[in-house]
Amino acid sequence: MGMIRKALSNSGQSDQCSTGGLAIARLPAAPRFSDEREYFDYLGARVTPMATLVTSTLSSVELQGERVLLLSSGENYQVLDEHHIVGSVASLCQLARGQRIILSHDEQWTHLVEGKELVDAHVVRIRIRRARPISNIQAIRTLLGGNNV
């Protein structure tokens, strides 16, 4: 045990009195950062802040008192299968679990976001399920720019 204490001390001598016997007390402390930019600069990493990467705010509509986001196939997402879509983190980071969305490829239904999985630094996979049918599809088409993508 004495050999370990000597190895962990700066001078080769045990300095249990000054540290209370805790080797962790001698570890250097990282500086405090006020934002992510300072942290990445400290690490020397070139990282663009997420706020500048978000391509645009997704369109939304109020349905039954709830804000429902509108996503366009090819622009905001690609369909993997009936229960999954994928897209850019910069666009789909705006979605939350439980969020109601309308997908342009299936605009007769609203869908609920059930989960999000980061595929890599730029792509996120969203697990969805059908929720409520949409009875007034014309209003949705108008918000999507008049075309059913």
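Throughout, read-outs are computed from the coordinates displayed, never taken from laboratory work. Just so we're clear, the structure is a prediction, and the values are computed from it rather than from any experiment. In this analysis, Cβ positions are derived from the backbone assuming ideal geometry, glycine residues included, and neighbour counts consider all displayed protein chains.
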Placing each pseudo-label 7 Å from Cα in the direction of the beta carbon, Ala96 and Glu75 end up separated by a distance in nanometres of 2.4 nm
Total charge of the residues flanking Gln64 in space, meaning their Cβ is under 11 Å from its Cβ, with Lys and Arg +1 and Asp and Glu -1, is +1
For labels at Gln138 and Asp35 in the simple 7 Å Cα→Cβ model, what's the distance in nm?
4.7 nm
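If you stretched the chain out fully between Glu66 and Arg129, how much longer would it get, using 0.36 nm times the residue separation minus the C-alpha to C-alpha distance? Don't skip to the end; give the middle numbers.
Numbers: separation 63, 0.36 × 63 = 22.68 nm, distance 1.73 nm.
So the extension gain works out to 20.9 nm.
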Inter-label distance, nm, simple model (7 Å from Cα along the C-beta direction), Trp109/His83:
1.2 nm
What net charge is computed for the residues neighbouring Pro31, neighbours being all others with C-beta under 15 Å from the C-beta of Pro31, Lys and Arg scored +1, Asp and Glu -1?
-2
What does the net charge come to around Val124 if you take all other residues with beta carbon closer than 11 Å to its beta carbon, with K and R at +1 and D and E at -1?
+1
